[in-house]
Amino acid sequence: GAEGAKAPGAGGTHAAAKAPAGGDVVFDHVRFGYTPDAPVIRDFSARAAAGRTVAIVGPTGAGKTTLVKLLMRFYDVDAGAIRIGGTDIRDMPRAAVREQFAMVLQDTWLFAGTIRDNIRYGRLDATDAEVRAAAREACADHFIRTLPGGYDFEINEDGTNISAGQRQLITIARALLADRPMLILDEATSSVDTRTELRIQQAMDRLMEGRTSFVIAHRLSTIRRADLILVLRDGDIVEQGTHDELIAASGFYAELHASQFAACNDRFGE
């Protein structure tokens, strides 16, 4: 029934297909530097349980994207290991690692072609009905149908004939269609109006249900809800824990929280 649908992994065939992949993600004493003499991450251990949300927070330039690049094996660790479901990701083909993740990043990557094809890129064998269902779930169907040609509307080479918010929703629809066990999200909703921002938030929340999510988090509500917060500063993970644990520790996170969020609680609807 409807009650069961909210449970992580519930929801029919897709969930069943998702089960073997994924699993816990473990960072085991990871060390990494873009050059050998300048380590960015010195010694980092953490465990992201399957189906849970990990928020990555810290000032601009703290190295939040470095973690993402290591997870996706764009770079390999210098020491230690990253394991997914107990397997060292260096023992998996890069393609096999990336197949477990859907990504929604700030610089949304769309190509010249129809909206339908852009969404279908998430899963090339998807039917038109599945494409549309993903768009509905991503709160994108409504605006798509207002465009000339609807799903046949051609996005231009640089994606500038639709708005930034619309690009983001199409990327979320693509990720929903891809239906991967894990997610990497960048929550920065730059330059969108409030209504679009609410849509994007709703769509992202739907996408995160029941999936292991690594979120470069900007919203206080996401950070508070996260099962684990990783706090980055100058490349190093300086603290980790839940929101309440980190506030109680009165360290860098508490400072960051006071400076970044206290003044703008209205903005975050808290």
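For the reader, a short list of remarks on this structure follows.
- Inclusion of A226 among residues that are surrounded by fewer than 23 Cβ atoms within 10 Å (Cβ to Cβ), of a type in the set (G, A, S), closer than 20 Å to R52 by Cβ and modelled with pLDDT of 90 or more is warranted.
- For the residues T212, T242, the requirement of being modelled with pLDDT of 90 or more, surrounded by fewer than 17 Cβ atoms within 10 Å (Cβ to Cβ) and under 20 Å from G51 (Cα atoms) singles out T242.
- Test: residue in the stretch 203-212 that is at positive phi and touching a strand residue (DSSP E or B) at 6+ places or on another chain (Cβ under 9 Å): no
- Test for A188: is it within 21 Å of K64 (Cβ to Cβ), surrounded by fewer than 20 Cβ atoms within 10 Å (Cβ to Cβ) and under 13 Å from the mean Cα position of the chain (by Cα): yes
- Residue that is modelled with the lowest pLDDT [pool: residues in the stretch 98-129 that are part of a helix (DSSP H, G or I) and surrounded by fewer than 18 Cβ atoms within 10 Å (Cβ to Cβ)]: R98
- Test: A17 is in a loop (DSSP other than H, G, I, E, B) and at pLDDT below 80: no
- Consider the stretch 38-55 and keep the residues that are over 18 Å from A102 (Cβ atoms) and either basic (K, R) or in contact with a His (Cβ under 9 Å, 6 or more places away or on another chain) (or both). The one that is surrounded by the most Cβ atoms within 10 Å (Cβ to Cβ) is F44.
- Residue within the stretch 102-124 that is out of contact with any strand residue (DSSP E or B) (no Cβ under 7 Å at 6 or more places or on another chain), within 20 Å of A188 (Cα to Cα) and in contact (Cβ under 8 Å) with a residue 12 or more places away in the chain present: yes
- Single residue of the stretch 130-158 satisfying the filter (among the acidic types (D, E), at pLDDT 95 or above and over 23 Å from the mean Cα position of the chain (by Cα)) that is surrounded by the most Cβ atoms within 10 Å (Cβ to Cβ): E154
- Residue that is modelled with the lowest pLDDT, among those in the stretch 56-74 that are in contact with a strand residue (DSSP E or B) (Cβ under 8 Å, 6 or more places away or on another chain) and farther than 16 Å from M103 by Cβ: A62
- Hey, S250 farther than 30 Å from D117 by Cβ, among the polar types (S, T, N, Q), in a helix (DSSP H, G or I) and out of contact with any helix residue (DSSP H, G or I) (no Cβ under 7 Å at 6 or more places or on another chain) or not: no
- Residues being farther than 21 Å from H243 by Cβ and not β-branched (V, I, T) - total across the stretch 38-49: 4
- Of L177, L207, L183, all but one fail to be in a strand (DSSP E or B) and either touching a residue at least 12 places away in the same chain (Cβ under 8 Å) or crowded, with 21+ Cβ neighbours inside 10 Å (or both); the exception is L183.
- Filtered residue count, the stretch 174-206, keeping only those that are of a type in the set (A, V, I, L, M, F, W, C) and closer than 15 Å to V54 by Cβ: 5
The values are calculated or read from the model by the stated rules, or taken from the named source; none is laboratory data. Note that this is a predicted model, so its numbers are computed, not measured. FYI the Cβ positions are ideal-geometry reconstructions off the backbone, even for glycines, and counts take in every protein chain you see.
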